[in-house]
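J.: What follows is a structure written as structure tokens; I'll ask about it next.
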Amino acid sequence: MNATVRGTLAALAALTSAAGLLDASTRNGEWRTYGGDLASTRYAPLDQITAANFDQLEIAWRVKTDLFGPQPDYLYQATPLKVGDVVYTTAGTRRAVIALAAGTGELLWAHTEQEGPRGDAAVRRGAGRGLTYWERGTDRRILYVTPGYRLIALDARTGIPIPTFGENGVVDLKQQNDQDLDPVTGEIGLNAAPIVANDVIVIGAAHLSGSVPRRIRNARGYVRGFDVVTGKRLWIFHTVPRPGEFGYETWEDGSAETNGNTGAWAQMSADESLGLVYVPVELPGGDYYGGHRPGNTLFSESLVALDVKTGARRWHYQLVHHGVWDMDIPCAPILADIVVEGRPVKALAQPTKQAWLYVLNRETGEPIWPIEERPVPQSDVPGEKTSSTQPFVTRPPAFDRQGVTIDDLIDFTPELRAEAVKLVSRYRIGPLFTPPVVSRWDGPLATLTLPDNVGGANWPGGALDPETNYAYVHSHTRVFDLGLVEAPLDRSEMRYVRGLDANPSAGTGATIIATQSPPPAVQGLPLVKPPYDRITAIDLNRGEIAWQKTHSSTPDNIRNHPALKELTLPRLGQPGRTFIGTLVTKTLVIAGDGGFHTNAAGERGALLRAYDKATGEDRGAVFMPAPQTGSPMTYMHDGKQYIVVAVSGGSYSGELLAYRLP
Amino acid sequence: MAAVDQSAPARSSWSGVFAKVQAAEGAVLYKAQCASCHGEGLAGAEMVPALTGVSFSATWEGVPLFDLFERIRTTMPPVRTGAVSRAGYASILAFILEANGMPAGDQALGADKASLAGLVYHTYRPQGALSP
């Protein structure tokens, strides 16, 4: 964006709330960044597709991604970009970059990196979530991170690496990382789309999941900024501080020296006029046992605002102290210029796994409404010292259920409820922040948590209508059994890892590492009441929930359950881990089902749904061959509005679907 | 297969379509090739789908076992699909069916399309189906 346009938008902002944040590209019918704009609104003010015609949408083009990797991809999570007349996306298990004609889906070029053992050892496989576009004058680039953790810059016109960027178009991200990382086995990667702001490309890091970590001192997920022109490293931010750096003392007993992870694997947002990038950080190693990392351990589970030019920390806000629930901050905060009691505020709204939307002043990190430190239940796990208090969001209300009570249990019939109550008696239940327990067969077998360890919300994050300052967040409702067992020496250096105690009468004597079975269920039905997934609209000006709606279609295995046959049930949602991104247009909120169902015509698939953005009422749907797995985006081409979404799952491999009106 | 009774429900994952010993062989293969990601209890992990339970059932309810077999055969284990034979994949599938509560029968589950395409995955025992 040039200075003139920015100035014009800033003037508009004074009149019309958040307009100043918006990349002009979505107004022009493009989609130049992963989140639609650097504010991560996933909003485009397009109005050709409406409630009146949504049902008439037809496939304009479709691209199967099987050939972009050695195996087909069954979890295709990307969101494409659209610049000029070209759609760009990552695709396939090799994470190729492909350029497609926006009107037809015809392949214009493809780029792929053969990374050998380094790629095979990737901690984040698959097509990833997307890529990044940057331009200056006639220099137009596509940038992305490979499964093997290398940053690649390509000429957007040809797909040929930019020879003057890094080393022949490549920056090896396992180097210049202030730590020794083996090029092949160094346990670090990234499947998020990087972000470019103020000509700096910011790169986070991901690791293997931490329920049973092999090592305590794992690789660290530092954040770095690189010059988007040259690939030169400009700065590094130590998410685990070094001696003398702010926050080092929050790792008690010198534990900053002996821990790893604490990466930033989520999408980020940026405010170019403030010169800030907003970095969501995960927790250190040991997702559920913190005995090896005493203290509040900054910058774990913190949102950190960094000067995008220098990497200097402007502010941070820790959402969870000494976390033992895997409440990694999973997605980009949504930037919004809100009006609170008549006062304009540059704010951000951070969706989370724990189902709170944290609304902060994005210039200072101060909460817009009080976030209170309140006492929480304490751990009785040997060696564990949980924080005596945790920050409680007082406004807006949580967008999904928090904590487990008897009232939350399945209640389709009295028999199912009775069975659920009996089952739960073997577990510890309680409010949010009830800590994990050492698993005992005679009880408690585990702590039951709600939301589960992957949300609430997760990596797709939310969306924003900047005209009304309604934020839209999808979340799923699913219990998690959080038990700990002593770690076998051959599996982990940790004292405790996630697991369940053995049934002594089974005679095996061995505890079950990781977990024995999926979340506790009653006759194959989820332990808790529906809805199983939902979309919530939150008025950011007021800090109130505007509407909430069950999202996905009921799957066949629940609809046809023998115990429910006699009941007339509304839409219940999908009971699995559904990660659904929402798209906002001039009048609609658009999102696809998170799982399969069979429709009245006997077809198996999933709906792409449209909601009235003011009320949440259903406004239309089209039937897709598989569930939404990437987040939808929209653009204009030759006078037609397109909606593009990545689908996959079950026996249906990854495919990009583009819809338009006849 | 027994003589076809037109009034009987279609053959499904509940029709005793695998052998007990085959599922035991599948358990050994599963432990060696699959458990490090999907878990010893088939429960999956943060980024790995469960192979039992309500979300697995939601995905595969009503789907021919051949489709599930092909999904496993063509993608698992990642990067090392050649590590398991067709018969091995059939054994692993038998183990997954057993873990989901389905009964064993007299014959082993076949590893060819003709054997698998006519068998449908059902989460619940169809009404009126006889125990094998």
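A short reminder: the numbers here are calculations on the coordinates, not readings from a lab. Every value quoted in this text rests on a predicted model; they were computed, and no experiment measured them. Every residue, glycine as well, gets a Cβ built from its backbone with ideal geometry; the counts of neighbours run over all protein chains shown.
J.: Sort A:LEU46, A:LEU306 so that the residue with the fewest other Cβ atoms within 10 Å of its own Cβ comes first and the one with the most comes last. Each step should come with its number before you reach the end.
T.: Working: A:LEU46 20, A:LEU306 25.
By the 10 Å Cβ count, ascending, the order reads A:LEU46, A:LEU306.
J.: Then there's this: Could you give the distance between the Cα centres of region B:82-102 and region A:265-330, to the whole Å?
T.: 42 Å
J.: Could you work out the relative contact order of chain B? I mean the mean sequence separation of Cα pairs under 8 Å and 6+ apart, divided by the number of residues, in percent.
T.: Relative contact order here is 45 percent.
J.: While we're looking at this one, here's another question. Give me the net charge of B:ALA114's neighbourhood, meaning all other residues with Cβ under 14 Å from the Cβ of B:ALA114; Lys, Arg count +1, Asp, Glu -1.
T.: +1
J.: Then there's this: Tell me the Kirkwood hydrodynamic radius of region A:340-383 in angstroms, computed as one over the mean inverse distance between distinct C-alpha pairs.
T.: One decimal place: 12.9 Å for the Kirkwood radius.
J.: Using only Cα atoms, what Kirkwood radius does region A:446-588 have, in angstroms?
T.: 17.9 Å
J.: Each residue of region B:80-94 in order: what ³J(HN,Hα) in whole Hz does its phi give by Karplus 6.51 cos²θ - 1.76 cosθ + 1.60, θ = phi - 60°, with x for Gly and Pro?
T.: Using θ = phi - 60°, the values come out as 10, 5, x, 6, 10, 7, 4, 4, x, 4, 5, 5, 5, 4, 4 Hz.
J.: Considering the Cα positions of region A:545-662, please state its Rg to one decimal place and its Dmax as a whole number of Å.
T.: Radius of gyration, then largest Cα-Cα span, for region A:545-662: 14.9, 52 Å.
J.: Compute the Rg to Rh ratio over region A:22-153 from the alpha carbon atoms, using the Kirkwood formula for Rh, and round to two decimal places.
T.: Numbers: Rg = 15.8 Å, Rh = 15.9 Å.
Ratio of gyration radius to Kirkwood radius for region A:22-153: 0.99.
J.: Classify the protein assembly as shown as rounded, prolate or oblate, taking a ≥ b ≥ c as the square roots of the eigenvalues of its Cα gyration tensor: rounded when a/c is under 1.5, otherwise prolate if a/b is larger than b/c and oblate if not.
T.: On the way: a/c = 1.43, a/b = 1.25, b/c = 1.14.
Since a/c stays below 1.5, the shape of the protein assembly as shown is classed as rounded.
J.: Let me check I've understood the local charge: for B:GLY41, count other residues with C-beta under 14 angstrom from its C-beta, Lys and Arg +1, Asp and Glu -1. What total comes out?
T.: Local net charge: -2.
J.: Take B:SER115, B:SER15, A:SER25 and order them by how many other Cβ atoms sit within 10 Å, fewest up front. Write down the numbers at each step before the final one.
T.: Values: B:SER115 17, B:SER15 23, A:SER25 20.
Placing the least packed residue first, the sequence is B:SER115, A:SER25, B:SER15.
J.: Moving on. Determine ³J(HN,Hα), in whole Hz, for all residues of region A:169-178 in sequence, where each value follows from phi through the Karplus function 6.51 cos²θ - 1.76 cosθ + 1.60 and θ = phi - 60°; x replaces Gly and Pro.
T.: The phi angles translate into x, 10, 10, 6, 6, 7, 9, 6, 10, 6 Hz.
J.: May I pose another question? When a footprinting reagent is the concern and you count Cβ atoms within 10 Å, what order do A:ILE216, A:ILE49 take, fewest first? Please report the intermediate quantities before stating the final value.
T.: Values: A:ILE216 20, A:ILE49 25.
Ranked by crowding around the Cβ, least crowded first: A:ILE216, A:ILE49.
J.: Here's another thing I want to ask about it. May I ask you to evaluate 6.51 cos²θ - 1.76 cosθ + 1.60, the Karplus curve with θ = phi - 60°, for each residue of region A:343-359 and list the ³J(HN,Hα) values in order in whole Hz, giving x for glycine and proline?
T.: Karplus values, whole Hz, x for Gly and Pro: 9, x, 9, 7, 10, 9, 10, 9, x, 9, 4, 7, 6, 9, 9, 8, 9.
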